[in-house]
Amino acid sequence: MAAYSLEDLAARLDARLVGDGRCRIRGVGALASATTDEVTHLSSASYRSLLPATRAGAVLLREADAAACPTNALIVADPYLAFARVSQLFLVEDGLPAGAHASAVVAADALVDPTACVGPHVVVGAGSRVGARVRLHAGVSIGERCTIGDDVEIRPNAVLYSDVSVGARSVVHAGAVLGGDGFGFAPDGAGRLHAIAQLGGVRIGEDVSIGSNTTIDRGAIEDTVIEDGVKIDNLVQVGHNCRIGAHSVLCGCVGLAGSTTIGRHCVLAGGSGVGGEHPVTLCDGVTLTATTIVTTSIDKPGVYSGSMLHNTHTRWKRIVLLLHGLDELVKRVRSLEKRLPEGRR
Amino acid sequence: MAAYSLEDLAARLDARLVGDGRCRIRGVGALASATTDEVTHLSSASYRSLLPATRAGAVLLREADAAACPTNALIVADPYLAFARVSQLFLVEDGLPAGAHASAVVAADALVDPTACVGPHVVVGAGSRVGARVRLHAGVSIGERCTIGDDVEIRPNAVLYSDVSVGARSVVHAGAVLGGDGFGFAPDGAGRLHAIAQLGGVRIGEDVSIGSNTTIDRGAIEDTVIEDGVKIDNLVQVGHNCRIGAHSVLCGCVGLAGSTTIGRHCVLAGGSGVGGEHPVTLCDGVTLTATTIVTTSIDKPGVYSGSMLHNTHTRWKRIVLLLHGLDELVKRVRSLEKRLPEGRR
Amino acid sequence: MAAYSLEDLAARLDARLVGDGRCRIRGVGALASATTDEVTHLSSASYRSLLPATRAGAVLLREADAAACPTNALIVADPYLAFARVSQLFLVEDGLPAGAHASAVVAADALVDPTACVGPHVVVGAGSRVGARVRLHAGVSIGERCTIGDDVEIRPNAVLYSDVSVGARSVVHAGAVLGGDGFGFAPDGAGRLHAIAQLGGVRIGEDVSIGSNTTIDRGAIEDTVIEDGVKIDNLVQVGHNCRIGAHSVLCGCVGLAGSTTIGRHCVLAGGSGVGGEHPVTLCDGVTLTATTIVTTSIDKPGVYSGSMLHNTHTRWKRIVLLLHGLDELVKRVRSLEKRLPEGRR
């Protein structure tokens, strides 16, 4: 198990240490429950009341909070970011040796860097390239002509169809499917549907994260594109020919219809979705709150909502029925206004 | 094919038999379509009208319905529960021999009970323990330091990351992913997102069922916890550090944001979701109807709703536009009220 | 890379060629960006303005648009359908040789056609039949007593439980799970839930497409049925005993509760869902717009909606609160009406 002195941590995080530099830290904890060999953080004002009672070995916090800290303090400009960095020190990576497991099936003409780890039952298709220190976990299937950048990690049973590229340091979680056929069909006169061949690929940038069982379809003609630094959670659906701008965030269960464009630094909270009669574009810096559905383009950064609140079942049943009569209610108000003109008392 | 005499079934179900105990039952059927060698059930009053015409070999029903039964009757206090029990008698299990298939890759220090079935292309990581009569189907991937309790069944291509425990008799369906990284990132000054290492695990209780392609993330610091008897359907997303109380039910496509707490004996119907600005808690005994979204905590048991009803597209387009002007309508009503005070006629 | 003369394409598509029949076509492109060796299409009036500037080698279009075409024209009755057909000519299939890969595990009594391709790490269970020219990609798991029709393609890591049949020419995308247990439990007096054994199977028709990570549960007693020509996108949940009529379309993230019946030629747009207190039936020819939830049966063809629009967060927060007081607003309007009867001015 990893252990670091506070002195060492302070140096790694460029933090000012107030306290005992020899204190050994063996993990991270929450402010309320961290133990004396764990480091925690105070990042949000709403947790400030927990600081005096913490029993943590050290707390990452801002200068302004240092005086109230009852234990060792690591003073930084951004405690949450520092916590992200320190947390990585305690990550235990699964043991996956470099080289290909005997059960892996790697095409003769695939180029796999000798430092890459190719786990049990992995398949790498013809013409694919796998970069340095890549980790392909058990059961991963890589199609043909794929490019996997250096230091990429692909978790068990994820699937890349052919013609998918993944940039350096990206992570693809278990069961994700990249490059499945886009959903495009042309109806004939009898209403039978004929598939449009999906001839584009998928391009994933660097430092991207793709969640478990998320699906990202290949493009119909051009590629589906996920730019650098995008973070996508679990069970997200990205249709063909979407383009997601750099450093945007798609939380769990988000759905994007084909040809949707998302700007940079957008945040789509859980269960939100984008898609309309025509392709929809969100400009840079748009945030959608959870389960908000957007059917027309947004060209102004900001926070947008459209989700419901809950109520007791009995009350809500009444309200939702009244909602479906809202046009009648508006007519009644208009009729009252006609009978009682503005000037009248 | 299994066959049971009604005498035998009555004894197994602790039912009172009215009719021919030698009648042989070879399967189960629906009240309207069961044949003379099948047993069916009358559990809900809304099916009572179908009873006189049933051609079933026997009907599980309550005392009060026995007189109207035109065939053999198995009288029980709870016909639906008795039907659940009898249905299990006719289940045909897939043949999976005990021991590890030649293609399975089991870590040298993993402890696998000799009665466990380890199917083709299964991987079991270092330090994991697999209990008695466990059935790991084809392509299952078990990470490191996992604990799989006795009589657990894990269906093809499901994935357990490291540090996941599953209690006795639980079932994990195909493609489910347990223990993927929680979705936590800290932004730096340039809006780039840095991953918080997810150092907790996942603890699944006993008699839990987890649906196909469902995802349950590992905790950031502490574990994500699913208590005993919880039943989770397909394509459900459970974020990091959620806690789901015993015997609760999450139907298909439910989504829980990180750090959500669900009480015991809750029911979250299809497509419902929980998550808000702050962690949300539902107390014991809360039911959410389908597609209801809850963004604030609920501390009183009961049924809650917030979902929409459909309408014709033309009518609904008008109504939803009027809804977005509801604040204006309220102002107009207030203005009318001012012009026409309460006392006035 | 495939190449076709326009003469050849015209013959294959039964199109009238205006232009140079010797022109070689090597792929497809979009009207705005196609190059001189690509064929494109003008199918929708909204793209007509792009036609004069196209640099495509040829354009599939209607007679009425031929005069405005600046390049070779292929005149057809339905350009989009013709484009679907021509796109298939340029599809590059992954190389998967006929016969079973050495790592595949095929039950001794399974009947696999010698022309079928059984990829690495595939499992085919006892009593299953695999038809001619079937392509089972890496990591596919087929249970027992399954029937896979001729020319079916099943993509990596998809899972078929036992007793699933798939009709000729159907495609199952990666990670899809067919035949998982339906979600049925009977509570006992203590609120513990006991599984109803799911004894039915799944029957998939011919020419069906099933998206990545979609889940289709087996029936409780009778089969879950997907009729011919149905197209299902990614991350769709189909509960036990659903029946989906021929040539219907389920877009991404749709959810169907158990025992839902969908008619023929229906379209369920992205994120829509069907399910209520009682089983719901949609008649033939019903279209649901995106994220519309239907809880009661629909017996008249047409377009139905019930989804929300977005607004700025601040404005929407106000509106949604007012919505929850809609019953009070209606009372206030009624009170005004009483004080100001119809005849009054």
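Using a 1.4 Å probe and counting only protein heavy atoms, how much accessible surface gets buried when A and C come together, both sides summed, in Å² to the nearest 100?
Using a 1.4 Å probe, the pair buries roughly 5900 Å².
Residues A:His41, B:His101 ordered from highest to lowest accessible area at a 1.4 Å probe: B:His101, A:His41. For segment B:237-345, the calculated P(r), taken from all Cα-Cα distances in 10 Å bins from zero up to the bin holding the longest distance, is 14, 33, 19, 21, 10, 3, 0 percent. With both residues required to sit in the protein assembly as shown, DSSP beta bridges show an antiparallel share near 15%. Across segment A:1-141, C-alpha contacts under 8 Å between residues 6 or more apart give a mean separation that, scaled by the residue count, equals a relative contact order of 16 percent. Using only alpha carbons, segment B:1-69 has a radius of gyration to Kirkwood radius ratio (Rg to Rh) of 0.94. Over segment B:66-205, what portion of Cα pair distances is larger than 19 Å, expressed as a whole percent? Result for the distance tail: 59 percent. Peptide packing: for C:124-131, B:58-65, the average count of neighbouring Cβ atoms within 10 Å per residue gives the ranking C:124-131, B:58-65, highest mean first.
The alpha carbons of segment A:134-262 occupy a box of 50, 28, 23 Å along the principal axes, longest dimension given first. What helices does chain C have that are whole DSSP H segments, at least 18 Å long along their own axis by Cα, and with mean Kyte-Doolittle hydropathy of -1.0 or more? Once both thresholds are applied, what remains is C:326-339.
Using the empirical formula 2.2 N^0.38 Å as the baseline, the Cα radius of gyration of segment A:278-328 reaches a ratio of 1.54.
State to the nearest 20 debye the size of the charge dipole of chain C about its Cα centre, where the only charges are +1 on K and R beta carbons and -1 on D and E beta carbons.
The calculated dipole for chain C is roughly 1780 debye.
Annotation: segment C:201-297 has a Kirkwood hydrodynamic radius of 12.6 angstrom, from the mean reciprocal C-alpha pair distance.
When only Cα pairs below 8 angstrom with a gap of at least 6 residues are kept, segment B:7-54 shows a relative contact order of 26 percent. Taken residue by residue and averaged, Cβ atoms of other chains lying within 10 Å of the Cβ of B:223-233 number 2. Segment A:35-102 gives an Rg/Rh value of 1.21, both radii derived from C-alpha positions and Rh following Kirkwood. Scaled against 2.2 N^0.38 Å for its residue count N, the alpha carbon radius of gyration of segment A:230-278 is 1.00. Of interest is the spacing of the C-alpha centroids, which for segment C:111-156 and segment C:198-245 amounts to 18 Å. With the charge dipole of segment A:48-188 set up from +1 on Lys and Arg Cβ and -1 on Asp and Glu Cβ about the Cα centre, the Cα lying farthest toward the positive end among the listed residues A:Pro114, A:Ala67, A:Ala132 is that of A:Ala67. Counting only DSSP beta bridges whose two residues both lie in segment A:162-318, roughly 10 percent are antiparallel. A Förster radius of 51 Å combined with the Cβ-Cβ distance from A:Leu50 to A:Leu321 puts the calculated FRET efficiency at roughly 0.65. FRET efficiency for B:Glu328 and B:Asp188, Cβ-Cβ distance as r, R0 = 45 Å, nearest 0.05? The computed FRET efficiency comes out at 0.60.
If I compute solvent accessible area with a 1.4 Å probe over the protein chains, what percent of it on segment C:1-52 is carbon and sulfur?
49
Calculate how large, on average over all directions, the projected area of the Cα convex hull of the protein assembly as shown is; give the answer in nm² to one decimal. One quarter of the hull surface, i.e. the mean projection, equals 47.8 nm². Length, then width, then depth: along the principal axes, the Cα atoms of chain C run 83, 63, 36 Å. Take every pair of alpha-carbon atoms less than 8 Å apart whose residues are at least six positions apart; their mean separation over the length of segment A:207-321 yields a relative contact order of 16 percent.
Using R₀ = 25 Å, calculate the FRET efficiency as 1/(1 + (r/R₀)^6) where r is the Cβ-Cβ separation of B:Asp150 and A:Ser33; round to 0.05. Provide the component values of the computation, followed by the final result.
Values: r = 31 Å, r/R0 = 1.26.
The pair B:Asp150/A:Ser33 has a calculated efficiency of 0.20.
Shortest first, C:Ala126 label-point distances to identical copies amount to 3.8, 3.8 nm, with the label point at 7 Å from Cα along Cα→Cβ.
If you run the Gaussian network model on chain A, springs between alpha carbon atoms under 10 Å, then out of A:Tyr80, A:Tyr161, A:Tyr304 the most flexible one is A:Tyr80. Springs join every pair of Cα atoms under 10 Å in this Gaussian network model of chain B, and among B:Ala197, B:Ala107, B:Ala56 the largest mean-square fluctuation is at B:Ala56. Given +1 at the Cβ of Lys and Arg, -1 at the Cβ of Asp and Glu and no other charges, the dipole of segment C:16-137 around its Cα centre is 200 debye to the nearest 20.
Where only protein heavy atoms count, and the probe is 1.4 Å, what is the accessible area per residue for chain A in Å²?
About 38 Å² of surface per residue is accessible.
The alpha carbon centroids of segment B:301-318 and segment C:16-61 are separated by 45 Å.
Compute the whole-percent fraction of alpha carbon pairs in segment A:72-125 spaced more than 15 Å apart. For segment A:72-125, the share of Cα pairs beyond 15 Å comes to 63 percent. Put a plus charge on the Cβ of each Lys and Arg, a minus charge on the Cβ of each Asp and Glu, and nothing anywhere else: the dipole of segment B:43-112 about its Cα centre is then about 380 debye. Interface burial in segment A:171-186 reaches 50 Å² or more for A:His173, A:Phe183, A:Phe185, comparing the full protein assembly with the chain by itself; accessible area from heavy atoms with a 1.4 Å probe. So which GluC sites (Glu not before Pro) in segment A:271-345 are both in a DSSP loop and have at most 12 other Cβ atoms within 10 Å of their Cβ? Within segment A:271-345, the qualifying GluC sites (Glu not before Pro) (loop, at most 12 other Cβ atoms within 10 Å) are A:Glu277, A:Glu342. How big, in percent, is the set of alpha carbon pairs in segment C:94-142 lying more than 14 Å apart? Here the tail beyond 14 Å accounts for 39 percent of pairs. Please find, in a Gaussian network model of chain B (springs between Cα atoms separated by less than 10 Å), the residue of B:Pro301, B:Pro187, B:Pro156 whose mean-square fluctuation is greatest. Result: B:Pro187 has the largest fluctuation of those listed.
The values are calculated or read from the model by the stated rules, or taken from the named source; none is laboratory data. Quick caveat: nothing in here was measured; it's all calculated off a predicted structure. With ideal geometry, Cβ positions are generated from the backbone for all residues, glycine too; neighbour counts draw on all protein chains shown. Just so you know, the surface numbers come from the protein's heavy atoms only, side chains and all, with ligands and any DNA or RNA stripped out. Shrake-Rupley method; radii C 1.70, N 1.55, O 1.52, S 1.80 Å.
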